[in-house]
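Let me give you the structure first, and then I'll get to my questions.
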Amino acid sequence: MWNYPTSLAHRGGGKLAPENTIAGLRCGLAHGFRAVEFDVMLARDSVPVVMHDPYLGRTVAGSGNVYNYDAAELVTMDAGNWFSAECRGETVPLFTQFVQFCKDHGIWMNIEIKPAPGFEEETGRVVGSLTRALFGIEIAQDNPRQVPLLSSFSPVALAAARLAAPDLPRALLLDRMDEGWQTQARELDVVAIHTNHKHLDEALAHQIKDAGYGLFCYTVNDPARAREILGWGVDAFCTDRIDLIGPDFAQAAI
Ligand code: G3P
Ligand code: MG
């Protein structure tokens, strides 16, 4: 079962804005998106920030690991200049700030827990408990369109998030589906499988759906491919090409 939006802007604004920034969220909004996928990891002081890489250098100028810096330092760092001169001054967002922006603008969230190596349990626990605290009212109201979906490639992070926030839905991220996926999904009590569309075929899609899981794909940037996997029963996907694949693409494709 998939009770969530069907087309998500990957990392905020996909390839049209600096990833995992408030500017990315604004870009997604400008393209009509009210659903986003983004990445969260811990700073040195265990405060979650919105970043994809566990190290500086690609999207944030500097060197070292994200866990070498406190959140107060990271939020002063430029996360937009790598993308374009116009985006210079865009900074690394705190997780709480990012969530607040989404809430203020009615954006549904797929929160990808992205632990730096060695921080799997702590990241799952901290992000799970903080998310639970931030969404107490929405969880009580039990409206899936207002409660975020936690996902991770790390089973350890998901298990920790489950302990910290048993009432938040979880999804297991798998680049490739190996034979043990059903056991893992059952043990972690997830509602959905999030997988790389490049390794998915129709038979596998049916297997996942027949097992009762929601099926989400990353990162689908070709409209023809999006149409194809939707035809296999894929429920939803995220895209970097928010200019080519709109928020209502799935409904229009039916
Ligand atoms: O949510 C999954 C998607 O984001 C793929 O992983 O590496 O882009 O965070 P990544
Ligand atoms: Mg991600």
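The values are calculated or read from the model by the stated rules, or taken from the named source; none is laboratory data. Note that the structure is a prediction, hence the values are computed from the model and not measured. Because the Cβ atoms are built from the backbone with ideal geometry, glycine has one as well, and the counts that use them run over all protein chains shown. Each accessible area value is taken on the protein alone, full model and side chains, heavy atoms only, with ligands, DNA and RNA left out. Shrake-Rupley method; radii C 1.70, N 1.55, O 1.52, S 1.80 Å.
Go over the candidates V220, V234 one by one and state the one that is under 15 Å from M177 (Cα atoms), part of a loop (DSSP other than H, G, I, E, B) and within 16 Å of ligand 1 (Cβ to nearest atom).
V234
Just the residues that are among the acidic types (D, E) and not in a loop (DSSP other than H, G, I, E, B), please, taken from segment 1-47.
Once the filter is applied, which keeps residues that are among the acidic types (D, E) and not in a loop (DSSP other than H, G, I, E, B), segment 1-47 yields E37, D39.
Results for (1) more than 16 Å from ligand 1 (Cβ to nearest atom); (2) part of a helix (DSSP H, G or I); (3) modelled with pLDDT of 95 or more, shown as yes or no for each residue.
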| site | (1), (2), (3) |
| --- | --- |
| E112 | no, no, yes |
| G118 | yes, no, yes |
| E121 | yes, yes, yes |
| A133 | yes, yes, yes |
| V156 | yes, yes, yes |
| A159 | yes, yes, yes |
| A171 | no, no, yes |
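Do we have R145 as in contact with a Gly (Cβ under 8 Å, 6 or more places away or on another chain), surrounded by fewer than 22 Cβ atoms within 10 Å (Cβ to Cβ) and within 21 Å of L215 (Cβ to Cβ) here?
Working: in contact with a Gly (Cβ under 8 Å, 6 or more places away or on another chain): no; surrounded by fewer than 22 Cβ atoms within 10 Å (Cβ to Cβ): yes; within 21 Å of L215 (Cβ to Cβ): yes.
It is false that R145 is in contact with a Gly (Cβ under 8 Å, 6 or more places away or on another chain), surrounded by fewer than 22 Cβ atoms within 10 Å (Cβ to Cβ) and within 21 Å of L215 (Cβ to Cβ).
Would you tally the residues in segment 224-247 being under 20 Å from A17 (Cα atoms) and either among the polar types (S, T, N, Q) or in contact (Cβ under 8 Å) with a residue 24 or more places away in the chain (or both)?
Number satisfying all stated conditions: 10.
Please work out if R176 is without any contact (Cβ under 8 Å) to a residue 24 or more places away in the chain, open to solvent by less than 30 Å² (accessible area, probe 1.4 Å), closer than 24 Å to A116 by Cβ and not aromatic (F, W, Y).
Values: without any contact (Cβ under 8 Å) to a residue 24 or more places away in the chain: yes; open to solvent by less than 30 Å² (accessible area, probe 1.4 Å): no; closer than 24 Å to A116 by Cβ: yes; not aromatic (F, W, Y): yes.
No: the conditions fail for R176.
Sticking with this one: With respect to R176, determine if the residue is assigned to a helix (DSSP H, G or I) and basic (K, R).
no
Can you name the condition, by its number, that F216 falls short on among (1) buried (at least 21 other Cβ atoms within 10 Å of the Cβ); (2) in contact with a helix residue (DSSP H, G or I) (Cβ under 7 Å, 6 or more places away or on another chain); (3) closer than 18 Å to M1 by Cβ?
(2)
When you check R88 against the structure, is it in contact (Cβ under 8 Å) with a residue 24 or more places away in the chain, touching an Asp or Glu at 6+ places or on another chain (Cβ under 9 Å) and of a type in the set (K, R), yes or no?
Spelling it out, it is not the case that R88 is in contact (Cβ under 8 Å) with a residue 24 or more places away in the chain, touching an Asp or Glu at 6+ places or on another chain (Cβ under 9 Å) and of a type in the set (K, R).
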